[in-house]
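> I'd like to ask you about the structure that follows.
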Amino acid sequence: MTDHDDLTRQLILRWRDDPGSTYRTWFLWEERIKNFRSIRRGLARVAAEIEAGAFGNAYRGSSLGTVVGAVAEQRQIFRGADHAWLWKPKLRIPDIYEHPENQRAFGRLLDTCACCTEEAQVLAAIRKLVGHGIKGLGPSAANLLYFLHPTIVPPFNRSLLRGQIGGRGSRILLHHAATARRNRSECWQWRGTGASLGPPRNRRPRPG
């Protein structure tokens, strides 16, 4: 075992023993499983409304707003999860309110992931959505898929990202949400703490 592995093990043990950590306040929380079921039902409703063309073009007051609000209430690990779904008029993101085809692609992702059971099916659905290059839809969507497949798609927030950066000792430029096994294809992509979902971009050299 390397020094890095030993340090990682120590950090995990400290995390499990800390009474204020997410392990104690979230993973061992008695209401967690009950909330999983209600959020899954909410996501199924979102997918059904999009499929029927009844979702509309506004976040506030929508079924998506209701279910994301429920996600944001799941202790501090998901605090602020609703911000990514609010419409940003200057950036025109997330681009599922003005673009019907993007909205339908997002609905198909939710529907497929709600019905499938295999990891390969989840990854295929993610890759299919990636192909649409929807602006402003990335880590925020990972937080929704977590409630459908928690062993395949882990949650995302800036604190988790900073922790991974600290654990690796370097800045993360490319991250993946599907981590049930090692050596898999990376589907969710963003730089730093941005929220872009799409194919990798060519990095431009920084001015000297």
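The values are calculated or read from the model by the stated rules, or taken from the named source; none is laboratory data. For clarity, every value in this text was computed on a predicted model and none was experimentally measured. For neighbour counting, all protein chains shown are included, and Cβ atoms are generated from backbone atoms with ideal geometry for every residue, glycine included.
> Applying the selection to the range 58-95, what residues are under 23 Å from Val130 (Cβ atoms) and either among the small types (Gly, Ala, Ser) or surrounded by fewer than 16 Cβ atoms within 10 Å (Cβ to Cβ) (or both)?
Ala81, His83, Ala84, Leu86, Lys88, Leu91, Arg92
> Can I ask one more? Pairs under 9 Å by beta carbon, first residue at pLDDT below 95 in the range 38-58, partner in a loop (DSSP other than H, G, I, E, B) and of a type in the set (Gly, Ala, Ser), six or more apart or different chains?
Gly56/Ser62
> Considering only helices (runs of 4 or more DSSP H) fully contained in the range 1-93, which possess at least 1 residues that are under 21 Å from the mean Cα position of the chain (by Cα) and farther than 18 Å from Pro154 by Cα? Lay out the reasoning, then the answer.
Details: elements: 3-17, 32-52, 63-72.
Hits in the range 1-93: 32-52, 63-72.
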